[in-house]
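The values are calculated or read from the model by the stated rules, or taken from the named source; none is laboratory data. Computed from a predicted model, the values in this text were never measured in an experiment. When we count neighbours, we look across all protein chains shown, and the Cβ atoms used for this are built from the backbone with ideal geometry, even at glycine. Accessible surface is based on the protein model in full, side chains and every heavy atom, while ligands, DNA and RNA are left aside. Shrake-Rupley method; radii C 1.70, N 1.55, O 1.52, S 1.80 Å.
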Number of protein chains: 2
Amino acid sequence: MSKRPLILVTNDDGITAPGIRALISVMNTIGDVVVVAPDSPQSGMGHAITVNATLYIENVEIDGKQQEYSCSGTPADCVKLAVREILDRKPDICVSGINHGSNSSINVIYSGTMSAALEAGIEGIPAIGFSLLDYNWNANFEHCKPFVETITKQVLEHGLPDGVVLNVNLPNLNGEDIKGIKVCRQARANWVEEFDKRTNPMGRDYYWLAGKFVNMDNGEDTDEWALANGYVSVVPVQFDLTAHHTIQKLNTWKLN
Amino acid sequence: MSKRPLILVTNDDGITAPGIRALISVMNTIGDVVVVAPDSPQSGMGHAITVNATLYIENVEIDGKQQEYSCSGTPADCVKLAVREILDRKPDICVSGINHGSNSSINVIYSGTMSAALEAGIEGIPAIGFSLLDYNWNANFEHCKPFVETITKQVLEHGLPDGVVLNVNLPNLNGEDIKGIKVCRQARANWVEEFDKRTNPMGRDYYWLAGKFVNMDNGEDTDEWALANGYVSVVPVQFDLTAHHTIQKLNTWKLN
């Protein structure tokens with residue numbers, strides 16, 4: 001495109017997280033950046049939206065020249081507010097992240113980072129969620145930058161099919177150890193929870209959600225395989241959740 | 001099956017909502033019921049989980065003989081806690097709802113009701129989310145009951161394909177005006193937000209999320225068509241979000 005693209009940047013770790021600052025620095029080299037991101041961490045918020053509470057937006061200055069707004073809502077709220085209330089025109093692309101931690105495989109379902117990308121996709125905006133497999137607040141995002149740049153530029157060049165956004169995960173390796181970028185499918189995996197049960201000072205039991213990730217999918221075409229083997233994984237993700245292949249079978253049931 | 005099935009019941013409107021009480025009354029005629037549901041309304045929570053806060057469970061008695069637990073977490077948390085901490089064995093089925101309001105079409109993405117069903121599906125439990133197209137707290141659920149019973153019994157008889165749960169929506173009509181049950185695909189529709197901007201007593205602007213639902217999909221095989229034409233819609237929903245049909249095209253991009 002001839003003029004600089006308008007880029008909406010958001011995340012779920014909050015507007016001051018190092019991951020979004022790294023993402024903004026890459027996007028500033030590609031286009032005109034507007035940031036609308038949660039004012040506090042929203043990890044695990046899935047596709048939550050704020051339906052019974054008020055939403056606040058604050059114009060803030062954190063670093064650099066880009067316009068930035070912190071928002072009291074969820075990542076999906078941020079995208080809705082950006083499109084309807086903040087931006088003068090539809091952005092050319094929406095990028096979300098870089099998340100502090102994996103959103104590969106089934107994690108896509110729980111991910112605030114990806115829900116922001118999906119929300120943009122629903123609005124007809126090409127969108128990408130980026131995540132680094134390092135949960136530390138002070139994770140090093142430097143090696144992510146060239147991959148983020150390549151994938152973003154390819155999306156700007158080719159667009160994305162209607163109803164599809166990209167879920168990009170980056171392995172926690174030195175840049176030179178990353179073998180490349182692989183287009184994958186979502187691995188069939190889940191979390192096996194092991195709740196940590198404790199008693200509070202008032203004598204009441206409570207729980208912490210904890211657990212381990214179990215991958216039952218040995219396919220070499222999955223995101224889990226790619227990440228375990230040193231690749232950046234790119235999964236095209238859709239928000240038509242229909243299991244089309246099962247409709248014929250369900251029509252054989254005695255429903256009427 | 002020879003012995004009575006074990007049925008996990010949950011929702012997102014909270015354990016005292018009339019919709020879940022109607023669902024429980026149907027399930028008591030089919031099997032042994034255990035209720036684990038949020039202690040307060042969780043609408044619009046999407047697939048949120050509680051990762052940085054404590055979770056409480058309370059054994060409560062509301063009506064009837066079924067075991068009931070109220071939980072401080074989200075619908076997805078309820079299912080995780082039920083499976084790992086409350087139930088002695090894996091339930092034969094998980095039903096969620098009956099939601100006060102539609103979860104058809106794109107609403108499935110934002111729905112706490114459906115996230116509970118999806119969470120159960122991820123755990124390998126056949127699961128159904130039920131929703132009535134009436135947002136009133138005092139909605140009449142009586143006419144839903146025979147359809148809820150039929151669909152639940154069919155799922156218990158046939159099981160569900162791996163990775164698939166059902167999203168059932170019921171039109172807000174008198175029972176005799178409902179034409180039957182239709183297996184459908186999710187319509188391509190979205191919400192066009194119209195934020196309601198106000199100023200609080202301290203002079204600060206805030207927003208309410210509001211908007212209208214726009215269906216751009218005229219297909220007669222969609223849930224929106226079925227509901228508009230007096231049918232109960234059943235959409236098989238999957239949590240593999242991969243847009244498999246786009247992988248080949250993405251592989252033509254210059255990613256490496």
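Kindly evaluate residue A:203 against the criterion of being surrounded by fewer than 16 Cβ atoms within 10 Å (Cβ to Cβ) and within 28 Å of residue B:86 (Cβ to Cβ). It is true that residue A:203 is surrounded by fewer than 16 Cβ atoms within 10 Å (Cβ to Cβ) and within 28 Å of residue B:86 (Cβ to Cβ). When residues in the range A:171-200 are screened for being open to solvent by 20 Å² or more (accessible area, probe 1.4 Å) and among the small types (Gly, Ala, Ser), 1 of them pass. Taken over the range A:3-52, the criterion of being open to solvent by 20 Å² or more (accessible area, probe 1.4 Å) and among the hydroxyl-bearing types (Ser, Thr, Tyr) is satisfied by A:16, A:25, A:29, A:40, A:43, A:50. Only a single criterion out of (1) open to solvent by 10 Å² or more (accessible area, probe 1.4 Å); (2) within 19 Å of residue B:77 (Cβ to Cβ); (3) under 14 Å from the mean Cα position of the chain (by Cα) is not satisfied by residue B:124, namely (3). Checking each residue in the range A:163-175 for being more than 16 Å from the chain's Cα centre (by Cα) and either hydroxyl-bearing (Ser, Thr, Tyr) or assigned to a loop (DSSP other than H, G, I, E, B) (or both) picks out A:172, A:173, A:174. Would you confirm, using the coordinates I've provided, whether residue B:88 is more than 12 Å from every other protein chain (Cβ to nearest Cβ) and open to solvent by 40 Å² or more (accessible area, probe 1.4 Å)? Yes; evaluated as a whole, the condition is true for this residue. Restricting B:108, B:83 to those that are crowded, with 19+ Cβ neighbours inside 10 Å and touching an Asp or Glu at 6+ places or on another chain (Cβ under 7 Å) reduces the list to B:83.
Matching residues to (1) touching a helix residue (DSSP H, G or I) at 6+ places or on another chain (Cβ under 8 Å); (2) over 27 Å from residue A:168 (Cα atoms):
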{"position": "B:199", "(1), (2)": "no, yes"}
{"position": "B:204", "(1), (2)": "no, yes"}
{"position": "B:207", "(1), (2)": "yes, yes"}
{"position": "B:214", "(1), (2)": "no, yes"}
{"position": "B:234", "(1), (2)": "yes, yes"}
{"position": "B:244", "(1), (2)": "no, no"}
{"position": "B:250", "(1), (2)": "no, no"}
{"position": "B:255", "(1), (2)": "yes, no"}
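Of all the residues in the range A:206-241, those that are over 19 Å from residue A:147 (Cβ atoms), surrounded by fewer than 20 Cβ atoms within 10 Å (Cβ to Cβ) and among the hydrophobic types (A, V, I, L, M, F, W, C) number 5. Within the set A:96, A:102, the sole residue that is open to solvent by 10 Å² or more (accessible area, probe 1.4 Å), within 21 Å of residue A:140 (Cβ to Cβ) and within 16 Å of the chain's Cα centre (by Cα) turns out to be A:102.
Selection of the range A:195-253 for residues being more than 8 Å from chain B (Cβ to nearest Cβ) and under 19 Å from the mean Cα position of the chain (by Cα) yields A:213, A:222, A:223, A:224, A:226, A:227, A:231, A:232, A:233. Consider the range B:176-225 and keep the residues that are outside any strand (DSSP E or B) and small (Gly, Ala, Ser). The one that is farthest from residue A:241 (Cα to Cα) is B:203. Using the structure shown, decide if residue B:160 is at pLDDT 95 or above, assigned to a helix (DSSP H, G or I) and open to solvent by 20 Å² or more (accessible area, probe 1.4 Å). When the stated conditions are applied, residue B:160 does not pass them. Considering only residues that are away from chain A (no Cβ under 14 Å) and at pLDDT 90 or above, look in the range B:64-75 and name the one that is most open to solvent (accessible area, probe 1.4 Å). Here the answer is B:67. Selection of first residues in the range A:127-138 that are open to solvent by 90 Å² or more (accessible area, probe 1.4 Å) and of second residues that are small (Gly, Ala, Ser), restricted to Cβ pairs under 6 Å at least 6 apart or on distinct chains, gives the following pairs, ordered by first then second residue: A:135/A:101. Checking each residue in the range B:1-39 for being free of Cβ contacts under 8 Å to residues at least 60 places away in the same chain and in a loop (DSSP other than H, G, I, E, B) picks out B:2, B:3, B:4, B:14, B:15, B:16, B:28, B:39.
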